[in-house]
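Here's the structure, in structure tokens; my notes come after.
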Amino acid sequence: MERNRVGIVGAGVSGLAACKHVLDKGFSPVVFEADGSIGGVWAHTLESTRLQAPTTAFRFSDMAWPKRVTETYPSHHKVMEYIRSYACKFQLLKYIKFNSQVLGVEYLGATEGEIMSWEQWSGNGTAFGTGKDGGWRITVKDLKEVGNTQVFQVDFLILCIGRHSGTPNIPEFSANGPELFKGKILHSLDYSYMDNVAHFVKGKHVTIVGSGKSAFDIAAEVAKVNGAAQPCTIIYRTKHWLVHKSSIWGVDLSYFYLNRISQLLLHKPGEGFLRYMLATALSPLRWAISKVIETYFKWCIPLQKHGMVPDYSFSFAMSSCSIAMLPEGFYNRVDDGSIILKKSKAFNFSNDGIILQDRNETIKSDIVILATGFRGDQKLRDIFTANWCRKIAAGSPDTASPLYRECIHPRIPQLAIVGYSESLTNIYASERMANWVAHFLAGGFKLPSVTCMEKSVAEWAKYKNIYNGKYFRRSCISTVNIWLNDLLCQDIGCNPKRKKGFLAEWFQPYGPADYASLH
């Protein structure tokens with residue numbers, strides 16, 4: 001492996017999984033991490049953050065949670081302990097360059113014109129291509145030493161930069177924007193890095209913009225500090241399925257959405273005519289399951305009372321990764337007046353707060369926190385130096401990121417992207433992709449032609465448009481994770497059926513532990 005140098009950008013769960021699996025195949029990677037620690041988004045999050053999925057679903061395939069962790073949804077502190085234990089168990093830390101911010105990556109070797117003319121990825125369908133000069137130049141800034149910038153060169157690059165950090169999504173204002181506001185404005189990313197948030201928000205009028213997990217978590221934290229005497233306001237546009245647990249009447253939701261039998265209820269990319277007809281015939285059952293689950297949560301959670309019933313189905317929430325866990329006691333805080341919910345399609349700023357345009361109402365504010373998500377697509381584009389890579393890496397506003405097997409761009413050679421596509425438990429999806437990439441690096445298989453890969457990408461894009469709707473750019477694969485994993489298994493030459501027995505294979509939920517032997 002004289003020339004087979006592997007670089008990995010990011011030491012979150014995806015980067016750690018990539019590092020571990022690449023090591024398993026005999027490579028010695030170098031991992032660039034801008035932070036001073038591993039863990040990615042888990043290293044800097046809200047104090048109240050807990051796991052969004054059961055520990056059986058959020059884990060590495062080859063390392064279970066310690067028995068001392070008995071909670072179904074542990075705190076982020078325990079998640080970080082688990083992640084550190086994984087890194088230590090497999091001795092990953094020595095391969096990581098901390099405080100090393102990647103400023104840009106540039107492909108060396110073939111020109112854009114030559115690459116676009118290739119019929120095979122990287123020239124011959126293999127990980128390291130044909131050209132002796134091919135590879136990636138990585139420009140890295142040392143955040144601990146001012147002015148120290150280094151350049152590294154690798155033969156294969158794995159980007160594990162995620163979607164939920166780095167580039168905040170800031171709303172645009174045609175008039176009366178943030179410059180008018182005399183208080184403090186920050187993004188949820190900035191809030192998550194603060195050490196003493198209780199002191200920061202205490203006694204202040206806090207307004208939070210957003211309706212996702214971060215918005216609700218921040219509101220719960222602020223309400224805990226200020227109570228009804230100084231209520232926190234959430235301004236939201238879209239209502240989402242935020243629920244208090246992942247089961248109904250004691251039956252885990254994974255039995256409805258994450259086993260093989262559930263895969264028959266929806267159309268899948270490249271499924272063929274017979275499976276297509278079966279999914280069409282079973283669509284009423286999928287609808288009925290969704291309605292039963294929606295009824296249960298509307299009965300358990302005061303969604304109707306507070307006007308928070310989403311306008312889309314629960315099945316849509318599952319397939320588009322638009323579901324999250326409620327902070328404990330959230331609606332109790334709403335009932336006692338500590339949290340105020342305000343729906344508005346548009347807002348702008350005044351000197352002392354936010355004006356809800358469609359309500360003709362002003363919300364007095366000292367602090368405005370924008371829990372408006374991240375621009376994962378822009379973050380991916382910005383890491384490339386060459387314009388041609390920037391243009392194609394993340395797709396267009398009308399398309400999802402065009403990744404074959406959700407991690408290889410058909411037109412960008414000697415590079416994989418792991419952890420960009422979302423799932424209900426990203427660690428599960430990312431590790432399977434990392435394992436697939438490691439087999440590819442070791443020569444376990446060749447990629448099909450560029451034309452075949454682009455055809456597959458188009459089939460997956462069609463699926464995402466149907467089942468993810470306006471959230472298609474998240475590239476959510478949650479309810480087709482088994483289908484994707486089957487394809488990954490077939491590529492590396494292993495049996496995709498991981499259960500013992502017919503009933504278990506079809507009815508038991510699939511999860512990370514089922515793939516523990518794929519190394």
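Per the Debye formula on identical point scatterers at the alpha carbon atoms of the stretch 27-67, with no solvent, log10 I(q)/I(0) at q = 0.17, 0.19, 0.29, 0.32 Å⁻¹ is -0.72, -0.85, -1.06, -1.09. Cross-link reach is defined here as a Cα-Cα straight distance under 14 Å, omitting same-chain residues fewer than 8 places apart; for Lys20 the aspartates and glutamates meeting it are Asp62, Glu431. Adding -39500 (n - 2.57) for every DSSP H run of four residues or longer, then dividing by how many residues the chain holds, sets the calculated 222 nm ellipticity at -9500 deg cm²/dmol. At q = 0.10 Å⁻¹ the log10 of I(q)/I(0) for the stretch 264-409 amounts to -0.65, computed by Debye summation with a single uniform scatterer per C-alpha, solvent ignored. Karplus-derived 3J(HN,Hα) values for the stretch 95-106, using 6.51 cos²θ - 1.76 cosθ + 1.60 with θ = phi - 60°, are 9, 9, 9, 7, 6, 10, 7, 7, 7, x, 10, 9 Hz; glycine and proline are entered as x. Using Stokes-Einstein with the Kirkwood hydrodynamic radius over Cα pairs, what translational diffusion coefficient do you get for the stretch 353-488 at 37 °C and a viscosity of 0.692 mPa s, in µm²/s rounded to a whole number? D, rounded to a whole number, is 195 µm²/s.
How many percent of the accessible area of the chain is carbon or sulfur, using a 1.4 Å probe? Answer for the chain: carbon and sulfur cover 53 percent of the accessible area. With a threshold of 32 Å on the Cα-Cα distance, the over-threshold entries among Lys342/Lys462; Lys89/Lys462; Lys245/Lys342; Lys67/Lys298 are Lys342/Lys462; Lys89/Lys462; Lys67/Lys298.
Enter the accessible area per residue of the chain (Å², integer; probe 1.4 Å; all protein chains in place). Show your work: numbers first, answer last.
Details: 22400 Å² over 519 residues.
Result: 43 Å² per residue.
Relative to the longest principal Cα axis of the chain, at what angle does helix 481-492 sit, 0 to 90 degrees, rounded to 10? For 481-492 against the chain, the angle is about 20 degrees. DSSP bridge analysis restricted to the chain gives an antiparallel fraction near 50%, rounded to the nearest 5. Mind checking the angle between helix 450-468 and the chain's longest principal axis? C-alpha axes, 0 to 90 degrees, to the nearest 10. The two axes meet at around 20 degrees.
Antiparallel DSSP bridges in the stretch 202-327: what percent, to the nearest 5? Looking only at bridges with both residues in the stretch 202-327, the antiparallel portion is about 25 percent. The C-alpha atoms of the chain define a longest principal axis, and helix 76-89 lies at about 20 degrees to it.
By accessible area of protein heavy atoms, probe 1.4 Å, what ranking do Ser338, Ser28 get, highest first? Could the numbers behind the result be given before it?
Numbers: Ser338 5, Ser28 85 Å².
These residues rank, largest area first, as Ser28, Ser338.
Shown in residue order for the stretch 501-511 are the 3J(HN,Hα) couplings computed by the Karplus curve 6.51 cos²θ - 1.76 cosθ + 1.60 at θ = phi - 60°: x, 4, 5, 4, 4, 8, 10, 6, x, 8, x Hz (x for Gly and Pro). What's the Cα-based Rg to Rh of the stretch 207-301, Rh via Kirkwood? Dividing the radius of gyration by the Kirkwood radius yields 1.15. Around Ser365, what is the net charge, scoring Lys/Arg as +1 and Asp/Glu as -1 over all other residues with Cβ under 13 Å from its Cβ? Local net charge: +2. Amide H contacts under 5 Å for Gln120: Val450, restricted to partners 5 or more places along the chain or on a different chain, H placed in the peptide plane at 1.01 Å from N.
Taking the square roots of 5 times each eigenvalue of the Cα gyration tensor of the stretch 1-125, largest first, gives ellipsoid semi-axes of 34, 16, 15 Å. With a cut-off of 11 Å between beta carbons, the residues surrounding Pro310 carry a summed charge of 0, where Lys and Arg count +1 and Asp and Glu -1. On full extension, the segment bounded by Lys298 and Asn351 gains 15.2 nm, given 0.36 nm per residue less the C-alpha separation.
Shown here for the stretch 227-318: chymotrypsin sites (Phe, Trp or Tyr not before Pro) in loop regions (DSSP other than H, G, I, E, B) with at most 12 other Cβ atoms within 10 Å, namely Trp249.
The values are calculated or read from the model by the stated rules, or taken from the named source; none is laboratory data. It should be emphasised that the depicted structure is a prediction, and the values quoted were computed from it without experimental measurement. Note that each Cβ is placed from the backbone with ideal geometry, even for glycine, and that neighbours are counted across all protein chains shown. These accessible areas exclude ligands, DNA and RNA; they are computed on the full protein's heavy atoms, side chains included. Shrake-Rupley method; radii C 1.70, N 1.55, O 1.52, S 1.80 Å.
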